[in-house]
Amino acid sequence: MLFEIRLNTVSSGENHLAIWHINEEARSTHCVDVNMLKIKRTVVCMDADDRDEVCYCGTRTGDILKIRLNFHHDIEILAPIKTPALIGCYGRISKNPKKLPAGTVEMYGQGVTAIKRLSTGPLIVGAGDGTVELVEEVKYERKNTYATNLGLRVPTIPALKVKLSTSVKSSVNAIQMMGENTILVSTTNCEIFNIDRNTFQAHLVVTCHTSTIHHVSFPYNFSEVFATASKNDVRLWSAITMQELLRIRVKNFSCSNVVFAKDGKSILTSWNDGVIRAFTPLTGRLIYEIFNAHNKGVSALSMTKHGQLLVSGGCEGQVRLWKILPQSQSLECTLKEHKGPVSAIHLNHTDTEAVSASTDGSCIIWDIIRYCRRQILFANTLFMCAKYFPTSVQILTGGSDRKISYWEVLDGTLVRELDASRSGAINAVDISPDGDTFVSGGNDQIVKLWKYQEGITTHVGIGHSGVITAACFSPDGKSIVTTDASGSVFIWKFPPELKKSKQPEIPQIVMQPKVEEVQVNQKDKGVPEDIKDLPSTDRKVVSEHGEHGSCCPCTCYCQNPVKADGDSKQK
């Protein structure tokens, strides 16, 4: 730990505390060790007063050391006039001192990890257990009750009076003041809290994942909300306010994929423990679990529009089809062709085919109506991603060979190859809803926007500090969301110069001539029922037109299962 005062530096560590004087003219340093007496502590954080007279140090033991720096009152004299020394080792004053055993003092749990001294005198202390307190040093006369049965005196004395206290539920990293009445606290869970100095109430300001984000997805025809999958949790975000709306925690497991059901009533997730879990997007309540879905973990997931068929891929190389009903979830078929982990699965727009990409160097187009293979694509690469063109006539793939390939769905032939990167593999590819552009990202940490027909790069996005793991267009095509291995989420605005004045509609096959519409109020018309009623907490989405649900167009109307065209032909 280093802390700069005047033109000197205070360094701390295990059983060590020293002041370094830097001589710029002689290009040399001089060290003065602090007299710690017989106390041995590991100093984690420190802060000094405005006049550099006293320095407070937080320790892993949970107490606070008070050091007199012994600088001259003249700021031009940089060296201490005598050896700096320890003048106190303080703990908290307990509310119930009689409950403490003899020879113990109440300290901070998991050590003092951050400390900030205010100009008026009190200290703001942050602990490893998430406690943040405003304390004041008071005079205390040592009593015999703080001596052990052996007659040894405890070096730590209770001299810190707690005035205000709160908890941020995770270890505190740093404390900073913003103005006179605002305290900013950062934690190890990638969270920043805003604490009011008067009331000491903590409000979450910024949060993000703590590890690699594996997947990102949007609800069907709804661009204001998206979900990300990472280790220990799945999070629901607002694309308008950039705030977290919901956090679904499954400790000690990593989520590989997250998919929204078309009706917006469930979020389907795949985990490395081999279980597929479905949650409600409103409260995060568990709806159902499919145990032992894959032996070595579920690595890919996709769902049909009618919501009754779920396609999953595992690390053992199998592709499995699941029949999803409100009362039960059953295995329909197991497709064994891949010899390596399945990295991605994508369905065509008619829900009759699915393409699975694997690290064994093959992509397979499956007929999910007849449960058989239609085409197989081979290349000298580890396929990491695969996407259908909106009209399902071509497939776009990316892999470890740093190339993006175009494939024909009809006969599985290679149409074109693009050199997408110079240094790393391509991990994520997604095509815009109109099919004019697509986005790619990989190990080079660069986001590239391409024209689909021309195969040229139009825009480049730089900002990721880790390997790009996922990329997704919003359903309206106005934004792009990318994630990386450092846990960052980037929202990119789609370039307006690439937008057409009048975009032609993509021809769709009418699979059901008559569809019953859901009766909703005029105020909430067009908004999925389970998304428009987001909880009214600090993480509520508020747009420029009001609360979430009053201005969110959505054409999510399908409530009944839709039969595929191939199924009707068989009948």
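The values are calculated or read from the model by the stated rules, or taken from the named source; none is laboratory data. For clarity, every value in this text was computed on a predicted model and none was experimentally measured. Quick reminder, even Gly has a Cβ in these numbers, built from the backbone with ideal geometry, and neighbours come from all protein chains shown. All accessible areas refer to the heavy atoms of the entire protein, side chains included, with ligands and DNA or RNA removed. Shrake-Rupley method; radii C 1.70, N 1.55, O 1.52, S 1.80 Å.
A compact table of results
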{"quantity": "15 Å beta-carbon shell around C255, net charge (K/R +1, D/E -1)", "calculated": "+3"}
{"quantity": "For segment 403-448, average projected area of the Cα convex hull in nm²", "calculated": "3.6"}
{"quantity": "Peptides ranked, highest mean first, by Cβ atoms within 10 Å: ranges 68-74, 404-410, 383-389, 45-51", "calculated": "383-389, 404-410, 45-51, 68-74"}
{"quantity": "Cα point-scatterer Debye curve for segment 174-281, base-10 log of I(q)/I(0) at q = 0.12, 0.16, 0.23 Å⁻¹", "calculated": "-0.49, -0.76, -1.18"}
{"quantity": "Distance between modelled label sites at D434 and A79, nm, 7 Å Cα→Cβ extension", "calculated": "7.3"}
{"quantity": "Spherically averaged projected area of segment 451-497 from its Cα convex hull (nm²)", "calculated": "3.8"}
{"quantity": "Accessible surface, segment 421-494, averaged per residue in Å² (probe 1.4 Å)", "calculated": "38"}
{"quantity": "Sulfur and carbon atoms: percent of accessible area, segment 177-249 [1.4 Å]", "calculated": "50"}
{"quantity": "For segment 364-456, alpha-carbon Rg over 2.2 N^0.38 Å", "calculated": "1.06"}
{"quantity": "Stretch gain in nm, segment F490-L410, where the contour uses 0.36 nm per residue and the Cα spacing is subtracted", "calculated": "25.2 nm"}
{"quantity": "Protection-proxy order for peptides 272-283, 168-179, each taking the mean of Cβ atoms within 10 Å per residue, highest first", "calculated": "272-283, 168-179"}
{"quantity": "Cα-based radius of gyration of segment 240-364 once divided by 2.2 N^0.38 Å, which approximates compact folds", "calculated": "1.04"}
{"quantity": "Column: log10 I(q)/I(0), Debye, Cα scatterers of segment 255-327, q = 0.13, 0.17, 0.24, 0.26 Å⁻¹", "calculated": "-0.32, -0.55, -1.09, -1.26"}
{"quantity": "Whole-Å distance, taken between Cα centres, linking segment 278-342 and segment 1-69", "calculated": "57"}
{"quantity": "Three-way shape call for segment 297-354 based on the alpha-carbon gyration tensor, with the a/c threshold at 1.5", "calculated": "oblate"}
{"quantity": "Portion, in percent, of the accessible area of segment 362-432 that falls on carbon or sulfur, probe 1.4 Å", "calculated": "47"}
{"quantity": "Hydrodynamic radius of segment 28-88 per Kirkwood, over alpha carbon pairs, in Å", "calculated": "12.5"}
